[in-house]
Protein chains: 2
Amino acid sequence: MAKRVSISDIAESLGVSKALVSLVINDKADAHGISAETQKRVRDKIRELNYQPDLFARSFRVGKTNTIGLIVSDISNRFYARIARDIEDHAWNNGYTVIICSTDENVEKEMKQIKLLRDRKIDGLIISSSQDNSDYFNKLSEAGFPHVLIDRRFDDMQSANVSVDNYGGARLAAEHLLKQGFSSFAVVALSPDHISTIRERIKGFTDTLGKANVQIPPCWLISLPFDRIDKELDNRLQSLHRQGQLPEAIFTLNNNLTSSCLKHLTKLSVNIPEDVAVIGFDDIMYFEHTHPSVSAIGQPTDRISEEAFKLLLQQINNGKADGRQRSVVLPVDIIIRESSIKH
Amino acid sequence: MAKRVSISDIAESLGVSKALVSLVINDKADAHGISAETQKRVRDKIRELNYQPDLFARSFRVGKTNTIGLIVSDISNRFYARIARDIEDHAWNNGYTVIICSTDENVEKEMKQIKLLRDRKIDGLIISSSQDNSDYFNKLSEAGFPHVLIDRRFDDMQSANVSVDNYGGARLAAEHLLKQGFSSFAVVALSPDHISTIRERIKGFTDTLGKANVQIPPCWLISLPFDRIDKELDNRLQSLHRQGQLPEAIFTLNNNLTSSCLKHLTKLSVNIPEDVAVIGFDDIMYFEHTHPSVSAIGQPTDRISEEAFKLLLQQINNGKADGRQRSVVLPVDIIIRESSIKH
DNA sequence: AATTTGGGTTAAATCGATTTAGGTAGTTTA
DNA sequence: TAAACTACCTAAATCGATTTAACCCAAATT
């Protein structure tokens, strides 16, 4: 591997000091009164030897890596993939690079990842956490480590955070289903059930039904472990179907659950929405083209990314996470398609 | 921000040298005859002060960052999202971290990204390149920089690479459509058209049709610019539809093109497959649930990731990209669903 | 003539680790 | 008793940059 040319090489071959070269590179030459002629000589030599500053060494010295971390449960989930893409764009436009980690909802893994990223000296972190309380992040805040929580939130949280109106979205779904005249409902959720988005969506849905004096019996409150969504849902739906106990409508709490639900109902030859109506939280493009097309609560992924990155950058540039951290809650909307229209 | 404890702090508070502490940390103490007792003292102190080695500083010193880059055209594309996820897992299991970049098929951006990542001293790179020749990568090979090209390939390529049998996959699609009895065909491709996957898929398709004495007229060879797939395809399909010139079957060259095609045909009330049949390269879960379900050529994303990471790790561990680089071509399969079944 | 001024430049410390060629002191060997 | 050996440990260089306090010299001022 050909040896890279370093700042010393430039300095030596020119008979000047490394300091001088560094000053020129960093546009501090004028401020230090380096003569125009010398500056030109340096710049020419840099071009001649094709010198590229070692960003790693620079980062080491100045204590800033221009790298941020993004931790989510699964980067191949469309929701997070979109957010990742947007954040990557914002990062790139601001001279940052993104390291992405998937936790599989595994808290230990998540903590290890945060630790590793911090040991690697990332400048900040954007995370959709799987943890069940804010302790860890409050410590991060106290340590002044720039970070923004997205998607999921905690009570007593000091950290900056960006989320959507999960409660309101679920209410929209419930109101819509009630208006359509459905009268029995199931919720398909995800465990671990401490996840705020899940909790809020369930609450928004059940509260709204409650106001209409509709309760959801336990057998229709379905919670599936993250790593076996598909298989478990298959079992549960099959068993309900066998017993003729399917509800009139199902509210699925994220795009994976919606897809899986669609798949297994179809497999059971259950007609949607004639036999069972479906509406999901989180809209993705394909729901427009599934059979039937699927109603969903749409989340503004681009706004989430934008706000999160903005908040992170503020913290990084302020040198620390300062006291009052912004908490941003974004609105959602409902997209009504075939799957939830009463026949 | 509380000051981190460094190796010097440990050394000082113990009255020993930094070297000794470092040796203990790196399990080289025994080899250097450091007494068991001293080792224990060091380890105890490390625990007491909660010392965490600065991985960044270590990387700087040893010249290895344990970070790899992954560059693709768009990380939110399902195909790449899956690959990214798998690579991330392999990386994590091997103590590596992944920096992800999306190029939007922009060659200049891609080069800038490679340069940035190299300046940041990543240990290796996995890339699905948008470039139109192998020069840049051959230079990378000569410089001994570990890298693996995935998905797309080049002629005269010295770099390690993992791809799928695009030609064969396209042949499968063509054979299937012919067997179904369709007799006029369109191909929906992506520009820039130098991309190897696109070229090979087109060739595999047209060659196979050619053997059956079927030609594709220019108006049915549709090539769409990456950043305006959806809009352009809408126009093209509308115009063909208006003129009553839609083919009997369409072969779409990636999952985005397939989705977009589905969307716009549906919008035009064109029945699939009665009016126009569709089969796409690259299968994604949703194609099983779209209306109609969509036939596709499935790519083994997990194998791609696995092989790519394996090849990269080999290069990294060998210290250099050695002469003969492995070239892996993986098989694809055809999944036949409703959209390509003749009525 | 002595002092100040300032333009142009550099030496050296620094970031936090790793690595290697020694050093020291005590014990054994010749 | 001197040399050799052993067991333990350390000094200092190093990675490639940035940063700061000083330095030198010539011109201007007093």
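No value in this document is a laboratory result; all are computed from the given coordinates. Note that the coordinates shown come from a computational prediction; the quantities given were computed from them, not determined experimentally. For neighbour counting, all protein chains shown are included, and Cβ atoms are generated from backbone atoms with ideal geometry for every residue, glycine included.
With charges set only on the Cβ (+1 for Lys and Arg, -1 for Asp and Glu), what does the dipole of the range A:62-181 come to about its Cα centre, in debye to the nearest 20? Don't skip to the end; give the middle numbers.
Numbers: 15 positive and 18 negative charges, 59 e Å.
So the dipole magnitude of the range A:62-181 works out to roughly 280 debye.
Please arrange B:Leu20, A:Leu177 by counting, for each residue, the other beta carbons lying within 10 Å of its beta carbon, fewest first. All intermediate terms of the calculation are to be shown ahead of the outcome.
Working: B:Leu20 20, A:Leu177 26.
Listing B:Leu20, A:Leu177 from fewest to most nearby Cβ atoms yields B:Leu20, A:Leu177.
Using alpha-carbon positions, what is the distance between the centroids of the range A:167-198 and the range A:241-262, in Å?
11
Nm distances between the label at B:Lys40 and the same-position labels in the remaining copies, 7 Å along Cα→Cβ, shortest first?
7.0
Quick one: in chain B, whose Cβ comes closest to the B/A rotation axis, and how close in angstrom?
B:His291, 2
Rounded to the nearest 10 degrees, what's the angle between the helix B:78-93 long axis and the longest principal axis of chain B, both from Cα atoms, 0 to 90?
20
Round to the nearest 0.05 the FRET efficiency obtained for B:Asp193 and B:Ser327 when R0 = 30 Å and r is the Cβ-Cβ distance. Numbers along the way, then the final one.
Numbers: r = 23 Å, r/R0 = 0.76.
In this case the efficiency is close to 0.85.
Testing the spin-label approximation: label points 7 Å from Cα along Cα→Cβ at B:Lys342 and A:Glu48. State their distance in nm.
Label at B:Lys342, label at A:Glu48, 7.3 nm between them.
Going toward the positive end of the dipole of the protein assembly as shown, with +1 on Lys and Arg Cβ and -1 on Asp and Glu Cβ, which of B:Asn271, A:Gly244, A:Ala57 do you reach last?
A:Ala57
Looking only at trypsin sites (Lys or Arg not before Pro) in DSSP loops with at most 16 other Cβ atoms within 10 Å, what is the longest site-free stretch of chain B?
The segment B:65-319 is the longest one with no such site.
Once both labels are modelled 7 Å past Cα along the beta-carbon direction, what's the B:Ala19-A:Arg303 spacing in nm?
Between B:Ala19 and A:Arg303, the label points sit 6.2 nm apart.
I need the shape label for the range B:100-148. Rule: rounded when a/c is under 1.5, else prolate if a/b > b/c, else oblate, with a, b, c from the alpha carbon gyration tensor. Intermediate results must be reported in sequence, preceding the final value.
Working: a/c = 1.80, a/b = 1.17, b/c = 1.54.
Cα axes put the range B:100-148 in the oblate bin.
For B:Asn317, which inter-copy label distances result when the label point lies 7 Å beyond Cα on the Cα-to-Cβ vector, reported in nm to one decimal and in ascending order?
4.5
Given the DSSP H assignment, sum -39500 (n - 2.57) over each helix run of at least 4 residues in chain A and divide by its residue total; what's the result at 222 nm in deg cm²/dmol, nearest 500? Walk me through the numbers on the way to the answer.
Details: 12 runs with 149 residues, N = 343.
Per the formula, -13500 deg cm²/dmol.
Using the alpha-carbon centroid of each, what span in Å lies between the range A:7-76 and the range B:1-62?
Going from one Cα centre to the other spans 31 Å.
Can you give me the three principal axis dimensions of the range B:166-299 from its C-alpha atoms, in Å, biggest first?
That works out to 33, 30, 30 Å along the principal axes.
Quick one: dipole size for the range B:7-53, taken about the Cα centre, charges +1 on Lys/Arg Cβ and -1 on Asp/Glu Cβ, in debye to the nearest 20. Don't skip to the answer; put the middle values down first.
Values: 7 positive and 7 negative charges, 7 e Å.
The dipole of the range B:7-53 has a size of about 40 debye.
Taking the Cα centre of the protein assembly as shown as origin, work out the dipole magnitude from +1 charges on Lys and Arg Cβ and -1 charges on Asp and Glu Cβ, in debye rounded to 20. Don't jump to the answer; show the numbers that get you there.
Values: 86 positive and 90 negative charges, 329 e Å.
Computed charge dipole of the protein assembly as shown: roughly 1580 debye.
Relative contact order for chain A: what percent, with Cα pairs under 8 Å and sequence separation of 6 or more?
Values: 578 pairs, mean separation 58.7, N = 343.
Over chain A, the number comes to 17 percent.
If the label for B:Asp207 sits 7 angstrom from Cα along the Cα-to-Cβ line, what are its distances to the same label in every other copy, in nm to one decimal, shortest first?
For B:Asp207, the inter-copy label distances come out at 6.2 nm.
Mind checking which of A:Pro192, A:Ser295, B:Asn26 is farthest towards the positive end of the protein assembly as shown's charge dipole, using Cβ charges of +1 (Lys, Arg) and -1 (Asp, Glu) about the Cα centre?
With unit charges placed on the Cβ atoms, the residue in question is B:Asn26.
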